[in-house]
Amino acid sequence: MGAGLSVAVLPFVAFAISQVGTPGPANMALMTTGAAHGLRAALPFVAGVALGKQLVIWPVGFGLMELADRAPWAFETLKWISAAYIVWLAWRVAHMRLEHRGAAKAPGFLAGLIVHPLNPKAWAMITGGFTAFTVPGTPALQATATIAAILLATQVVLHPLWTWGGSLVAHHLRGTTGERYLMWTLATLTVVSVLFVLFGGGT
């Protein structure tokens with residue numbers, strides 16, 4: 001860590017890229033939404049997902065985890081609410097057909113906004129960021145603002161790529177026999193990613 005820095009910026013950037021860029025409930029939701037509706041229609045949802053992480057970062061940075069230690073049941077409940085919400089998104093996408101995607105409206109900004117607050121991977125990632133990459137005693141505002149800015153910048157780059165990837169795959173399969181299998185595969189991967197976080201200890 002460089003002199004005078006209370007947050008290990010470069011190591012945290014690498015950590016953020018590894019976490020935001022790898023499969024998880026949010027990225028699978030982005031990919032399935034891109035496949036079902038296309039990147040342009042999904043952009044409000046993408047923006048909501050990116051900004052929604054800020055709703056977790058700032059409360060954690062200002063001491064929410066201390067409260068969590070006194071009420072662990074609240075975070076256990078959060079995990080199951082997360083699972084139900086993201087599985088619902090997966091079910092919705094699994095039953096869509098690409099050639100008719102205009103018939104169903106893409107999830108919007110508000111739907112995206114609650115993905116990360118209901119995503120146990122996001123909570124684990126952010127908590128890890130504060131505990132592993134900040135010096136004890138760092139002012140809360142400094143640490144939180146640094147972590148928030150790095151994660152937002154990472155998301156602005158990587159979240160649209162996941163969404164575009166889903167749209168690109170769908171473009172080649174739309175109207176073919178592989179279309180149905182694509183949608184069900186994406187939905188299944190979304191559910192599996194949630195179960196892995198819940199029961200496998202993944203972050």
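The values are calculated or read from the model by the stated rules, or taken from the named source; none is laboratory data. This structure is a prediction, so every number in the text was calculated from the model and none was measured. Note that we place each Cβ from the backbone using ideal geometry, even for glycine, and neighbour counts take in every protein chain shown.
When only residues in the range 142-169 that are in contact with a Phe, Trp or Tyr (Cβ under 9 Å, 6 or more places away or on another chain) and of a type in the set (S, T, N, Q) count, which is surrounded by the most Cβ atoms within 10 Å (Cβ to Cβ)? Among residues in the range 142-169 that are in contact with a Phe, Trp or Tyr (Cβ under 9 Å, 6 or more places away or on another chain) and of a type in the set (S, T, N, Q), the one surrounded by the most Cβ atoms within 10 Å (Cβ to Cβ) is Thr163. May I ask you to verify whether Leu152 is modelled with pLDDT under 95, of a type in the set (A, V, I, L, M, F, W, C) and on the phi < 0 side of the Ramachandran plot? Spelling it out, it is not the case that Leu152 is modelled with pLDDT under 95, of a type in the set (A, V, I, L, M, F, W, C) and on the phi < 0 side of the Ramachandran plot.
Within the range 1-56, work out how many residues are among the β-branched types (Val, Ile, Thr), buried (at least 19 other Cβ atoms within 10 Å of the Cβ) and in a helix (DSSP H, G or I). Walk me through how you get there before you give the answer.
Restricting attention to the range 1-56, the residues satisfying the condition of being among the β-branched types (Val, Ile, Thr) are 7, 9, 13, 17, 20, 22, 32-33, 46, 49, 56.
Filter once more, so that each one left must be buried (at least 19 other Cβ atoms within 10 Å of the Cβ): 7, 20, 32-33, 46, 49, 56.
From what is left, the residues that are in a helix (DSSP H, G or I) are 20, 32-33, 46, 49, 56.
Going through the range 1-56 one residue at a time, the tally reaches 6.
Just a yes or no: is a residue in the range 3-23 closer than 21 Å to Ala84 by Cα and at pLDDT below 85? Looking through the range 3-23, at least one residue is closer than 21 Å to Ala84 by Cα and at pLDDT below 85.
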